[in-house]
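The values are calculated or read from the model by the stated rules, or taken from the named source; none is laboratory data. The structure presented is a predicted model; accordingly, all values stated were derived computationally and were not measured. Here the Cβ positions follow ideal geometry from the backbone for every residue, glycine too, while neighbour counts run over all protein chains shown. Calculation scope for accessible area: heavy atoms of the full protein, side chains included, ligands and nucleic acids excluded. Shrake-Rupley method; radii C 1.70, N 1.55, O 1.52, S 1.80 Å.
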Amino acid sequence: MAALIDVILPVFLVIGFGYLAVWKGYFSDAGVDGLMKFTQGFAIPCLLFRAISTLDLSQNFDIALLGSFYAGALAGFTAGLLGARYIFGRDWEDSVAIGFCCLFSNSLLLGLPITERAYGTSALEANYAIIAVHSPFCYAVGITAMEIARNRDGNIASLPGKVLRAMFRNALIVGITLGLIVNIGGIPVPGVMTDALDLMVRAALPAALFGLGGVLYRYRPEGDMRTILYVVAVSLVLHPAIVWGLARANDLSTDALRSAMLTAAMAPGINAYVFANMYGKAKRVAASSVLMGTGLSILTVWCWLYVLP
């Protein structure tokens, strides 16, 4: 019960404040859009740049850690894709969008603050190692699968260019890439610049959580309930269960195990809806899965925290 009160509820209370503010008309839809544009387009890319530019890559880019997490993520994508196609009879493009919902856990807005509250700031290094690969990996998988589904009889020679163009329109990937360039190149960043970035970073997660609450108010579940529950089950149970088994088999350190598990156990991120909206496929399933998954993760994350060392 202490974990629920001390670690999980403060994060979800901030989300709840955002939901309530929009529901009661104290915060407009336009305000939510502006807040999310600020956080997703500026503040969170600054956070990722700062974290990854100073990350000890040789210590934290552990193949066992990344292999355990991303094998579980890919298994979730496969389960979502094939389940949507063969259990629920969706077309291939819908199935890819539904698979993406099962692939893209909310590593930033939920995974980071919950891990930090549970285990402290020092426990976040493995989270950042996962996050550095997260958006590039997930978008590469999702966009590649969607372009193949849309052009099954066409020329796929242009596929790599389409994937790269779509990926580098994403500000999160730009922030990650710049952070890696500074880190690997040993490029010094002036103190005045890091101080300015740190001001942005301090605003990133609280503002994003509040904005997420406002976004979720728009996406009340409608129809497709069996498919939505299937996505939520894959995201909150199957993905972390696979990561748990692989992490134990790979003998991950305690810190790496905690970061991998809590990131895997998060609900689908808002990028699941962004991806579905980008292609105009399974938007209702994606939006409702984000909403229901976020609400139910209060309980499932509590359970995962209980079993973690």
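Looking at the range 101-120, is at least one residue free of Cβ contacts under 8 Å to residues at least 60 places away in the same chain and either open to solvent by 40 Å² or more (accessible area, probe 1.4 Å) or among the β-branched types (V, I, T) (or both)?
yes
Could you look through the range 178-190, keep only residues that are outside any loop (DSSP other than H, G, I, E, B) and out of contact with any helix residue (DSSP H, G or I) (no Cβ under 8 Å at 6 or more places or on another chain), and pick out the one that is farthest from I143 (Cα to Cα)?
G185
Within the range 60-94, how many residues turn out to be touching a residue at least 60 places away in the same chain (Cβ under 8 Å) and among the polar types (S, T, N, Q)?
Number of matching residues: 2.
Going through V301, V290 one at a time, which residue ends up being closer than 16 Å to G99 by Cβ and either free of Cβ contacts under 8 Å to residues at least 60 places away in the same chain or among the β-branched types (V, I, T) (or both)?
Details: V301 fails: closer than 16 Å to G99 by Cβ.
Going through V301, V290 in turn, the sole match is V290.
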